[in-house]
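Student: Before anything else, here's the structure in question.
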Amino acid sequence: TISRHKTPSIDTQLSLVRATPRTSPQHTMATSAPTLEAIRYTRGSLQLLDQLLLPGSTVFLPIPDFVTCWTAIKDMNVRGAPAIAIAAALVLAVELDKAKATLATPSAVASFVVENMDYLCTSRPTAVNLGEAVERLKALANRLASASAESGVTGAAAAEAVIAECESMLASDVAANRAIGGVGAGAPGAAPG
């Protein structure tokens, strides 16, 4: 069941992008130049830069649930194909982290993932990256549900596997952005550090 309420509070603090899997220590991406992040994530918590307020203000919106994320995507508070996809994946991680104790089987996890990712996809149906993220996460959840009979995978383990995939998507996106930035920084005519 999807909770359809919007949280009005706003956090305005700046920090570096963080991905905090439960099984490893918190990681902070180090940079030599000032950076502006668009996504703040730690296990169980997601905040998105409100891009509608740029450049005048730097405000992060708390994204505690699917409905708030859907609204942020639909209203264009979050923009850019990769950011939209990562926001959807990370709100799934947040919600799965909250719900995993009630999802007893991998089939229950798959149903949760499919229902909620299909809902998020309606926020911007033509967004290719969003559609790809939705399909990737649904396919993983369905594979885990199909394999559970012979492998003995529990609902909690299936939820953790999906959360880990969501966090991996963030880590890959951050790495790609840093690589692109590194190439740009080394280009002839690039502004000095």
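Student: Would you mention how many residues in region 72-101 are open to solvent by 30 Å² or more (accessible area, probe 1.4 Å) and either among the aromatic types (Phe, Trp, Tyr) or under 17 Å from residue 127 (Cα atoms) (or both)?
Tutor: 7
Student: In region 115-137, which residue that is surrounded by fewer than 20 Cβ atoms within 10 Å (Cβ to Cβ), part of a helix (DSSP H, G or I) and not hydrophobic (A, V, I, L, M, F, W, C) is farthest from the chain's Cα centre (by Cα)?
Tutor: So the residue we want is 115.
Student: Considering region 101-110 alone, what residues qualify as being in a helix (DSSP H, G or I) and under 19 Å from residue 151 (Cα atoms)?
Tutor: Quick first cut of region 101-110, residues in a helix (DSSP H, G or I) only: 101-102, 106-110.
Those that are in a helix (DSSP H, G or I) and under 19 Å from residue 151 (Cα atoms): 106, 107, 108, 109, 110.
Student: Next question, about the same structure. Looking at region 84-91, can you tell me whether even one residue there is farther than 24 Å from residue 54 by Cα and assigned to a helix (DSSP H, G or I)? Full working, then the answer.
Tutor: Step one: filter region 84-91 for residues farther than 24 Å from residue 54 by Cα, giving none.
No, the conditions are met nowhere in region 84-91.
Student: Since residue 6 meets every condition but one in (1) at pLDDT below 95; (2) closer than 20 Å to residue 178 by Cβ, which condition does it not meet?
Tutor: (2)
Student: Give the residue that is farthest from residue 95 (Cα to Cα), with candidates limited to residues of region 138-171 that are modelled with pLDDT under 95, open to solvent by 30 Å² or more (accessible area, probe 1.4 Å) and of a type outside the set (A, V, I, L, M).
Tutor: Residue satisfying both the conditions and the ranking: 150.
Student: If you take the residues of region 48-70 that are assigned to a helix (DSSP H, G or I) and open to solvent by 30 Å² or more (accessible area, probe 1.4 Å), which of them is nearest to residue 175 (Cα to Cα)? Don't jump to the end; show me each part of the working.
Tutor: Looking only at region 48-70, we keep the residues that are assigned to a helix (DSSP H, G or I), and these are 51-53, 66-70.
Now narrow it down to the ones that are open to solvent by 30 Å² or more (accessible area, probe 1.4 Å): 51-53, 70.
Details: 51: 21, 52: 25, 53: 26, 70: 25 Å.
Per the stated criteria, the residue is 51.
Student: Something else about it: Among the numbered conditions (1) modelled with pLDDT of 95 or more; (2) assigned to a loop (DSSP other than H, G, I, E, B), tell me where residue 15 comes up short.
Tutor: Single failed check for residue 15: (1).
Student: Among the residues of region 21-47 satisfying the criterion of being surrounded by fewer than 18 Cβ atoms within 10 Å (Cβ to Cβ) and among the β-branched types (Val, Ile, Thr), which is modelled with the lowest pLDDT?
Tutor: Here the answer is 23.
Student: State all residues of region 48-63 that are at pLDDT 95 or above and either hydrophobic (A, V, I, L, M, F, W, C) or under 16 Å from residue 80 (Cα atoms) (or both); if no residue qualifies, say none.
Tutor: Answer for region 48-63, where residues must be at pLDDT 95 or above and either hydrophobic (A, V, I, L, M, F, W, C) or under 16 Å from residue 80 (Cα atoms) (or both): 48, 49, 50, 51, 52, 53, 59, 60, 61, 63.
The values are calculated or read from the model by the stated rules, or taken from the named source; none is laboratory data. These numbers come from a predicted model, not from an experiment. No Cβ is skipped: glycine too gets one built from the backbone with ideal geometry, and neighbour counts run over all protein chains shown. Calculation scope for accessible area: heavy atoms of the full protein, side chains included, ligands and nucleic acids excluded. Shrake-Rupley method; radii C 1.70, N 1.55, O 1.52, S 1.80 Å.
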